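To keep things clear, I will list the structure first and then write my remarks on it.
The values are calculated or read from the model by the stated rules, or taken from the named source; none is laboratory data. Owing to the predicted nature of the structure, the values given are computational and were not obtained by experimental measurement. As a convention, Cβ positions derive from the backbone with ideal geometry for all residues, glycine included, and neighbour counts pool all protein chains shown. Remember, those area values only see protein heavy atoms, side chains included, never the ligands or the DNA or RNA. Shrake-Rupley method; radii C 1.70, N 1.55, O 1.52, S 1.80 Å.
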Amino acid sequence: MEIAQTNLQLYNQLLAQCRPLEELLQAKRGYELAMRLFSGKYRASGKPFLAHLVGTASILAWLEQPIDVVVAGLVHAAFDAGDFSDGQQGVSKSRRVIMTEFLCAEVVELVENYHQSSRADCLGRLVTPAATVPFAAENRTLRNIQLLHVCDTIEEHADAGMGYAPLKEHILQDVFGSDVAGSTVAAPQKLGLGQFTLDLRRAFALWDQYRLPQQMLSNHSGSYFVAPPSYREKALVKLRGRCVKWQARARNRLKLALAGRKK
């Protein structure tokens, strides 16, 4: 099991699976949207957010999921952490419009349902020993949402990423208990993917392999944004430009007011 971390690796993975051209183009559009929404964003470990999204989609592709689910993996955090330039968070009509410019309605709906779902509820059902998930058509959406949560968690751990972000790991432990890796690997069996369990277990190999130096650990408990210097400069330039316009308007209003008094 090799998890893609770049768009090219993901495209090559889909090509190796002999996916049709239309599916490849859907993945390309999903990545183009992710570039716009997650530029400058990093996971708690310092890993680029885009790499995490690609990795989640790669795991879903490796699990032989339909392209709608794979593409949803590429943008699964859009409503949580995506930058729509509106200063808001969550689902809105304007955000849906932007999403549908790149993605089909089924993918947008799945990402919206993922955002509105509780990780504790979705994965708590799967890690409970007696949990079962029926495979009736009406439960397909729930299954896909649970699978997104599972693959998101696997991707976080597959390169020991959560080892570098211990504060984030504590949050996951509240959902899974102490054995996050073991519970995550066991979850796909409840989703009818038991044949992949061994390889999923191997994906966690790095998790126990290294003793990470304390100095390498991140103090972030969640994702964060790092703006490049040029971005900051442009922002300041725009702010200064607006200040100049505001000052000019204020002077004009003052002149008009003074002129009116003289009359």
With all protein chains present, segment 27-92 has a carbon and sulfur share of its accessible area (1.4 Å probe) in percent of 44 percent
Output ordering of 42-48, 18-24 (per-residue mean of other Cβ within 10 Å, highest first) is 42-48, 18-24
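Report the charge-dipole magnitude of segment 1-124 in Debye, nearest 20, computed about the Cα centre from +1 at each Lys and Arg Cβ and -1 at each Asp and Glu Cβ.
My answer is approximately 360 debye.
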Output for segment 185-220: chymotrypsin sites (Phe, Trp or Tyr not before Pro) sitting in coil per DSSP, at most 12 other Cβ within 10 Å, listed by number, reads TYR210
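Using a 1.4 Å probe, what is the accessible area per residue for segment 1-144, in Å²?
Values: 6850 Å² over 144 residues.
Dividing the accessible area of segment 1-144 by its residue count gives 48 Å².
Given the peptides 211-217, 30-36, arrange them by the average over their residues of other C-beta atoms within 10 Å, most packed first.
Details: 211-217: 8.6, 30-36: 19.0.
Top to bottom by mean Cβ count within 10 Å: 30-36, 211-217.
Taking the highest mean first, how do the peptides 56-68, 1-13 order by number of other beta carbon atoms within 10 angstrom per residue? Provide the component values of the computation, followed by the final result.
Working: 56-68: 22.4, 1-13: 17.4.
Per-residue mean Cβ counts within 10 Å order the peptides as 56-68, 1-13.
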One finds the C-alpha centres of segment 8-54 and segment 138-164 to be spaced, in Å, by 16 Å
